[in-house]
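Okay, so here's the structure we're looking at.
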Amino acid sequence: MSRPKPGAESAMRRGFPDAVQKKILIIYGTIFGAGVLYAFLILHTPFRIPCLFREVTGLQCPGCGTSRMALALMRFDIPAAFAYNPVAFFSFPAWFLISIAGFFGHPKILRDPKILLRILYINIVIYMIFAIFRNLPLSG
């Protein structure tokens, strides 16, 4: 039996390859930085980024309410955050946990591109269903 090369075992236990891990860190760092900057602007200036979909159609897009959700989370107002966008309330942390799990390599299934694509497609379908139902007129 041949012995594995030094470091090969630890590489197998790790998550994504180093280049992917670096991209994940850059993407999350950029998103976090942009979020902090936007939160500062929202809280201290009249600056807001309107939803173009809503401006054009009058309907709420699947992401409408995400900024308000994030601001509510910053105030630890969990019920309000959930009410602004319940799908994003669950999907953002889920994708973050999936990325972190893949980053560290556990469970191994989360490094399988086919599984990740299935999860992504399911998430997209959930967002589309949510977009439809949130725009239905409720008669009461």
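The values are calculated or read from the model by the stated rules, or taken from the named source; none is laboratory data. Here the structure is a predicted model, which is why all the values come from computation and not from measurement. In this analysis, Cβ positions are derived from the backbone assuming ideal geometry, glycine residues included, and neighbour counts consider all displayed protein chains.
Residues that are basic (Lys, Arg) and at pLDDT 75 or above within the range 1-22 comprise just one, Lys22. Selection over the range 96-140 of residues that are among the small types (Gly, Ala, Ser), within 18 Å of Leu59 (Cβ to Cβ) and assigned to a helix (DSSP H, G or I) gives a count of 1. May I ask you to verify whether Phe32 is at negative phi and surrounded by fewer than 11 Cβ atoms within 10 Å (Cβ to Cβ)? Yes; evaluated as a whole, the condition is true for this residue. Condition check: farther than 23 Å from Leu37 by Cβ, hydrophobic (A, V, I, L, M, F, W, C), in contact (Cβ under 8 Å) with a residue 60 or more places away in the chain and surrounded by fewer than 16 Cβ atoms within 10 Å (Cβ to Cβ). Does Phe133 satisfy that? In short, no. Scanning the range 74-90 for residues that are within 26 Å of Leu25 (Cα to Cα) and buried (at least 17 other Cβ atoms within 10 Å of the Cβ) yields a total of 5. Look at (1) out of contact with any helix residue (DSSP H, G or I) (no Cβ under 8 Å at 6 or more places or on another chain); (2) modelled with pLDDT under 85; (3) surrounded by 14 or more Cβ atoms within 10 Å (Cβ to Cβ) and you find that Leu25 fails only one, number (3).
Residues checked against (1) at pLDDT 90 or above; (2) touching a strand residue (DSSP E or B) at 6+ places or on another chain (Cβ under 9 Å); (3) of a type in the set (Lys, Arg):
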position	(1), (2), (3)
Arg48	no, no, yes
Cys51	no, no, no
Pro62	yes, no, no
Asn85	yes, no, no
Phe103	no, no, no
Ile115	no, no, no
Ala131	yes, no, no
